[in-house]
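See below for the structure under consideration.
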Amino acid sequence: MRGAGSTDRKVAIVTGGTRGIGRAVATRLLEDGWHVLTVARHPPPEANGDFVACDVSDAAAVRDLFAMTARRHGRLDALVNCAGLAGANTLDGDDRLWHAIIGSNLHGTYYCCKAALPLLPDGTGRIVNIASVLGLRGVPDQTAYCAAKHGVVGLTRALALAVAARGITVNALCPGWVDTAMAHARYRDLGITPEQAAAGVPTGRVALPEEIADAVVWLLRPESRNINGHALPIEGGGLALP
């Protein structure tokens, strides 16, 4: 597939690419020579790849995004789904927050994967979904977020099997605490300091967004072509605790 704006540079779409983990991923791929389409609802304060405004919970908007990518760039080599919304909720809370979190984290990942697959090349195409350690365990006041991230892990595993014969890999990363604005908002909800959060991690530290980006880049490389359908925790050993 080659369009009028086709390029020999590899092309990646990074959703949620203007902040936190997504921004670190987009920045790292740019440094590695990729052409990066940075996708978010609102533009970043400073340049960070080729910005495209899109609400990933809107299926029609996602279809338009990938159609534009095919038309302008003539290729897509990788999709990294980082877009997400967090928030504390319980079953006696407002249903609107439930739907917003599920829509952004789970439906958005599904829509983007669905639209990306016809464009990704057999043998080298890659999808990396940013899930969470809460896709592998539960937290009482995070019903929507846990449900969404468990869904992302399940989608990853099923989709990996569905496209394995094409040589496309689909994996998820499951970070624990990462030094982002989202984590700091959660610290405030819990009434803890960043230092207290770090003390609860067996390694004694919170991950940096750049460390998650390193793991994403590794999963995009040829050397990881036999890693498929996995949900890889990056949480300092917390899941090893009894």
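The values are calculated or read from the model by the stated rules, or taken from the named source; none is laboratory data. Note that the coordinates shown come from a computational prediction; the quantities given were computed from them, not determined experimentally. Positions of Cβ are generated from backbone atoms using ideal geometry, with glycine treated the same way; all protein chains shown enter the neighbour counts.
Results for (1) of a type in the set (Lys, Arg); (2) in a loop (DSSP other than H, G, I, E, B), shown as yes or no for each residue.
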{"position": "Ile21", "(1), (2)": "no, no"}
{"position": "Ala24", "(1), (2)": "no, no"}
{"position": "Leu29", "(1), (2)": "no, no"}
{"position": "Pro45", "(1), (2)": "no, yes"}
{"position": "Asp55", "(1), (2)": "no, yes"}
{"position": "Ala61", "(1), (2)": "no, no"}
{"position": "Leu65", "(1), (2)": "no, no"}
{"position": "Arg71", "(1), (2)": "yes, no"}
{"position": "Leu76", "(1), (2)": "no, yes"}
Handout entry: Sole exception among (1) out of contact with any helix residue (DSSP H, G or I) (no Cβ under 8 Å at 6 or more places or on another chain); (2) surrounded by 17 or more Cβ atoms within 10 Å (Cβ to Cβ) for Pro209, by number
Key = (1)
Exercise for the section: Within the stretch 135-166, track down each residue that is touching a residue at least 60 places away in the same chain (Cβ under 8 Å), closer than 21 Å to Gly237 by Cα and of a type in the set (Lys, Arg). Expected result: Arg137
Exercise for the section: Residue by residue through the stretch 25-34, note down the ones that are in contact (Cβ under 8 Å) with a residue 12 or more places away in the chain, at negative phi and surrounded by fewer than 24 Cβ atoms within 10 Å (Cβ to Cβ). Expected result: Thr27, Arg28, Leu30, Asp32, Trp34
Problem - Which listed residue, of Ala144, Ala115, Ala78, is of a type outside the set (Lys, Arg), within 23 Å of Ala24 (Cβ to Cβ) and surrounded by 19 or more Cβ atoms within 10 Å (Cβ to Cβ) - result: Ala78
Exercise for the section: Count, please, the residues in the stretch 35-66 that happen to be in contact (Cβ under 8 Å) with a residue 40 or more places away in the chain and farther than 22 Å from His99 by Cα. Expected result: 2
Exercise for the section: May I ask you to list the residues in the stretch 132-152 that are touching a Leu at 6+ places or on another chain (Cβ under 8 Å), β-branched (Val, Ile, Thr) and within 13 Å of Ala88 (Cβ to Cβ)? Expected result: Thr143
Practice task
Could you tell me whether any residue of the stretch 27-39 is within 14 Å of the chain's Cα centre (by Cα) and either small (Gly, Ala, Ser) or at pLDDT below 95 (or both)?
Solution key: no
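Answer yes or no as to whether Leu161 is surrounded by 14 or more Cβ atoms within 10 Å (Cβ to Cβ), among the aliphatic types (A, V, I, L, M) and under 20 Å from Thr109 (Cβ atoms).
In short, no.
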Handout entry: Single match in Ser132, Ser104 (criterion: of a type in the set (Ser, Thr, Tyr), in contact with a Ser or Thr (Cβ under 6 Å, 6 or more places away or on another chain) and in contact (Cβ under 8 Å) with a residue 12 or more places away in the chain)
Key = Ser104
Exercise for the section: Could you tell me which of the residues Gly103, Gly123, Gly138 is assigned to a helix (DSSP H, G or I) and at pLDDT 95 or above? Expected result: Gly103
Exercise for the section: State whether the residues of the stretch 72-88 include one that is more than 23 Å from Ala181 (Cα to Cα) and without any contact (Cβ under 8 Å) to a residue 60 or more places away in the chain. Expected result: no
